[in-house]
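Read the structure below first, then the notes.
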Amino acid sequence: MRIAVMGTGYVGLVTGATFAAAGHDVVCLDILPERVAALNAGECPIFEPGLPELLKAGLTSGKLRGSGEMTAEIATADLTFVCVGTPSREDGSMDMTQVKSAAATIGNALGRDEREHVIVVKSTVLPRTTEELVLPQVLEHSGRNRASLGFAMNPEFLREGTAVPDALNPDRVVIGAADELALTQLRELYGNVKCPILECDPRTAEMVKYASNAFLAAKVSYANEISNLCEAWGINFATVAEGMGLDDRISPRFLRAGAGFGGSCFPKDVKALLAAAATEKLPAAMLDATLAVNESQPLLLVEWARDALGSLKGRRVALLGLAFKPDTDDVREARAVIVAHALLGEEASVIGCDPQAAANFGALCNIEIAASAEAALDDADCAILMTEWPEYATLAPATFKEHMARPLVLDGRCALDAKALRDAGIEYRAIGLGKSE
Ligand code: UDX
């Protein structure tokens, strides 16, 4: 199939490269000429393990290319995937400007030519957006008859850091088709995928994505709330989570306690759903609580540092890890931002390190950046593990002892070896771990 993909962010690039790997002719479209040129030169604009290789394979086979020629490319494609951004506004609601403009561009490109074309929304959009915003925009700008067009919503569930394996081997495909044309084309496109395929209408597909993300976010906040009780009672929450997870109705996944969830999806999607519920004048206590726990959870680490050090003023605090999770350079909604701001607010001197995300973090928060964990720990009064990068989670107790002024280690991801650290005489406290565990 000839596939046009609008937007070359995480979703667009991974989607395009995956369809190219399956043998389709894919063109990734972007309005930024430098982004298109970089893509065609084989450069991957984002840090995502496996993506540079997948993009290069597509470029080499000739199945994948970048282009800025929206009109010509869309007009000759069979399907156009909308993978543009949907940023949050101040009030948590979503800014749909890019989706609306993508739909207008598609409409203008298709014009009155009655060749069949299917428009598939992959951007995360609130229920009814495909039917009530994208569809009318395309019809209005093309002036076309509805019958020659297909519309569908096909949500993307990939995780940063594992986006490529997630896209190549999805655990589900949701096809929210508005008509037979879209359903037939998407059935064919996903014909060889070995996972369950759910067929539904567009608004249901849109809701599956929100409900999934909000549920996982709620699961993490629930784990955090219970883990705080465990901490107070000297119980190891990881063992509790293991016991809970043995019940296959619960599953052990997304039950890791820690400093909370960040990233481009969970916080934004929960906020958008909350804003949408408010518009509908419906209560959304679970969504509200999910966010409230997630905002207060990272501050626990600051409280512990203050408890141990008396005052944070003038204290040197090392943040190990700045990305919202390992294997990404993404710092959007990273809990390290909240912790760094709170520490700076108490006049601590903050020094951070991250194997990939230090530069991005610098744009959000003005802290000192160290080139290595050891350099960050030098003369520190307290170290806080914010991201469980393997190189930080496996730091030897001797490293903390040799470099720090006071070996106080607070573990925001419950990832370090508690016994080894405590045996070495390090003052160690971890979210979800009783003080003496
Ligand atoms: C998420 C969804 O998993 C994915 O399906 C969707 O398409 C996009 O949003 P992502 O944001 O990349 O993916 O990361 P994910 O691995 O889900 O982690 C999100 C956050 O939750 C991270 O900050 C992570 O540290 C935190 N988390 C996750 C926990 O604190 N505990 C857990 O048990 C799991």
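Numbers at a glance
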read-out	value
Selection within segment 242-263 - surrounded by fewer than 22 Cβ atoms within 10 Å (Cβ to Cβ), more than 6 Å from the ligand (Cβ to nearest atom) and in a loop (DSSP other than H, G, I, E, B)	246, 247, 248, 249, 250, 251, 252, 253
Answer from 361, 324 - the residue that is touching a strand residue (DSSP E or B) at 6+ places or on another chain (Cβ under 7 Å), within 16 Å of the ligand (Cβ to nearest atom) and farther than 23 Å from residue 406 by Cβ	361
Within segment 376-437, helices (runs of 4 or more DSSP H) holding 3 or more residues that are closer than 22 Å to residue 315 by Cα, at pLDDT below 95 and in the same structural domain as residue 259 (by the TED database)	none
Any helices (runs of 4 or more DSSP H) falling wholly within segment 49-122 and containing at least 1 residues that are under 20 Å from residue 151 (Cβ atoms) and touching a residue at least 12 places away in the same chain (Cβ under 8 Å)	70-76, 97-110
In segment 163-203, residue surrounded by the most Cβ atoms within 10 Å (Cβ to Cβ) [restricted to those that are part of a strand (DSSP E or B) and touching a Leu at 6+ places or on another chain (Cβ under 6 Å)]	177
Filtered residue count, segment 333-347, keeping only those that are surrounded by fewer than 23 Cβ atoms within 10 Å (Cβ to Cβ), away from the ligand (no atom under 13 Å from the Cβ) and not charged (D, E, K, R)	4
Selection status of residue 305, in contact with a Lys or Arg (Cβ under 8 Å, 6 or more places away or on another chain) and either surrounded by fewer than 22 Cβ atoms within 10 Å (Cβ to Cβ) or part of a helix (DSSP H, G or I) (or both)	yes
Members of segment 151-197 that are in contact (Cβ under 8 Å) with a residue 60 or more places away in the chain, hydrophobic (A, V, I, L, M, F, W, C) and in contact with a strand residue (DSSP E or B) (Cβ under 8 Å, 6 or more places away or on another chain)	181, 182, 186, 189
Test: residue 232 is surrounded by fewer than 22 Cβ atoms within 10 Å (Cβ to Cβ) and either under 25 Å from residue 299 (Cβ atoms) or within 14 Å of the ligand (Cβ to nearest atom) (or both)	yes
Filtered residues of segment 384-437 (kept if of a type in the set (Phe, Trp, Tyr) and within 16 Å of the ligand (Cβ to nearest atom))	389, 392
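Listed here are the residues, each with its yes/no results for (1) in contact (Cβ under 8 Å) with a residue 60 or more places away in the chain; (2) buried (at least 20 other Cβ atoms within 10 Å of the Cβ).
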| site | (1), (2) |
| --- | --- |
| 379 | yes, no |
| 390 | yes, no |
| 401 | no, no |
| 405 | yes, no |
| 414 | yes, yes |
| 420 | no, no |
| 423 | no, no |
| 427 | yes, no |
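The values are calculated or read from the model by the stated rules, or taken from the named source; none is laboratory data. Since we're looking at a predicted model, the values are computed, not measured. So basically every Cβ, Gly included, is an ideal-geometry build from the backbone, and we count neighbours across all protein chains shown.
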